[in-house]
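The values are calculated or read from the model by the stated rules, or taken from the named source; none is laboratory data. Model, not experiment: these values are computed from the prediction. Note: ideal-geometry Cβ built from the backbone for every residue, glycine included; neighbour counts use all protein chains shown.
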Amino acid sequence: MGKNILVTGGAGFIGSNYIYYMQRKHPDYRLVCIDALTYAGNLHTLDNAANGNFRFVLGDITDRDLVFNLCKEEKFDLIVNFAAESHVDRSIENPEIFLKTNILGTQVLLDACNKFDISRYHQVSTDEVYGDLPLDRPDLFFTENTPIHTSSPYSASKASADLLVMAYHRTFGTPVTISRCSNNYGPYQFPEKLIPLMISKALADEPLPVYGEGLNVRDWLYVDDHCKAIDMITQNGKIGEVYNVGGHNEKTNIEVVRTILKAIGKDESLITHVKDRPGHDRRYAIDPTKIKTELDWEPETKFNDGIALTIEWYLNNTEWWQKILSGEYREYRNFGG
Ligand code: NAD
Ligand code: TYD
């Protein structure tokens, strides 16, 4: 029999891609998704996931009774925690919910692991816990030993959760792993993040808001490569270890925006430079040596291919993101079977 996995936050961007990846890769696994369907969760995203090995549960990971009852009932082999508030700009406007979901929610899941003897817990974290790197030092990269040094309430909440995960491992022996990934892109990403936002604006001939000069650098990873890394870590990664996930795909924001405009056939005059984000991290860049050496993970999708696939997906799925822009997606509550 295949594993029984609790996927938290599976109606969001990476969690849903993980569900589809795992359904393709391990059709015998049972996947139970718990998601609170915040503004970032969208049940339409999971329309194609419904099958006998899939269950959706509407619920908040900070709801201890609900999480414990679910774990008691389902007897999970593994929890993969994607559920989070994930947008830096929103964390600047309203940090509190970030602390609640990202830190206290993680604690509830860790407690559930201990109480119900769940044999593995995986925390999906971010390279943003390392802070940023200077633009004039392209020789520097984040390794797993780079000190935690956060910039935004979002990254501070993710770093706090990571510390809690490692503390549970040391104190209670909870069997944990952590992945810290660079910026993802691909299908089903909410159109508030750079790439889907710029694609949707370009298609609508609206101004593309680039923060500051657009010279900040992000290390882009196609979402399926991240899902593959998580699958490999939960199977063969060492308990108690952190793995950085990224693929030497560094681009300035302005390069990304120009690539999108060119691919869609729109004019660069749509680019509008707007006020910079407060505390804006300059550069993220991952050194993936550990995951390559220990687990033989490597990204399969080059940026040029991945961005073309992503643009094509947004062109072919206008209904998905237009329902988000109109707010219609929030009324959809069909949990299937
Ligand atoms: P997302 O915002 O698209 O999705 C988050 C999902 O979590 C949504 O479906 C939302 O409804 C759900 N959720 C939020 N609060 C919840 C709660 N209290 N209980 C249950 N569900 C809740 O985020 P994403 O981009 O898919 O990111 C997933 C994870 O990966 C996050 O932990 C994020 O920190 C991490 N990460 C993201 C990136 C990236 O580039 N997007 C990079 C590295 C790491
Ligand atoms: P984002 O997708 O929010 O991810 P993160 O801040 O977690 O890296 O932003 C990616 C980069 O794009 C970041 O440097 C901020 C910039 N950005 C813009 O210039 N304009 C925008 O409208 C957004 C959302 C982001």
Say whether the condition of being β-branched (Val, Ile, Thr) and within 16 Å of ligand 2 (Cβ to nearest atom) is met by at least one residue in the stretch 37-56.
no
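Can we say ILE5 is within 16 Å of ligand 2 (Cβ to nearest atom) and of a type in the set (Val, Ile, Thr)?
Details: within 16 Å of ligand 2 (Cβ to nearest atom): no; of a type in the set (Val, Ile, Thr): yes.
Considered against the rule, which asks whether it is within 16 Å of ligand 2 (Cβ to nearest atom) and of a type in the set (Val, Ile, Thr), ILE5 comes out as no.
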If you go through ASP132, ASP127, the only one that is near ligand 1 (Cβ under 10 Å from one of its atoms), within 21 Å of the chain's Cα centre (by Cα) and not basic (Lys, Arg) is ASP127
For ILE271, state whether it is out of contact with any His (no Cβ under 9 Å at 6 or more places or on another chain), over 14 Å from TRP220 (Cα atoms), within 16 Å of ligand 1 (Cβ to nearest atom) and not small (Gly, Ala, Ser). no
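Which one is modelled with the lowest pLDDT, of the residues in the stretch 234-277 that are small (Gly, Ala, Ser) and under 30 Å from ASN81 (Cβ atoms)? So that I can check it myself, show each step before the final result.
Of the stretch 234-277, the ones small (Gly, Ala, Ser) are 237, 240, 246-247, 263, 265, 269.
With under 30 Å from ASN81 (Cβ atoms) added as a condition, the list becomes 237, 240, 246-247.
Details: GLY237: 98, GLY240: 98, GLY246: 96, GLY247: 81.
Among those residues, the one meeting the criterion is GLY247.
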Picked from the stretch 8-36 (must be assigned to a loop (DSSP other than H, G, I, E, B) and within 14 Å of VAL124 (Cβ to Cβ)), the residue farthest from ligand 2 (Cβ to nearest atom) is GLY10
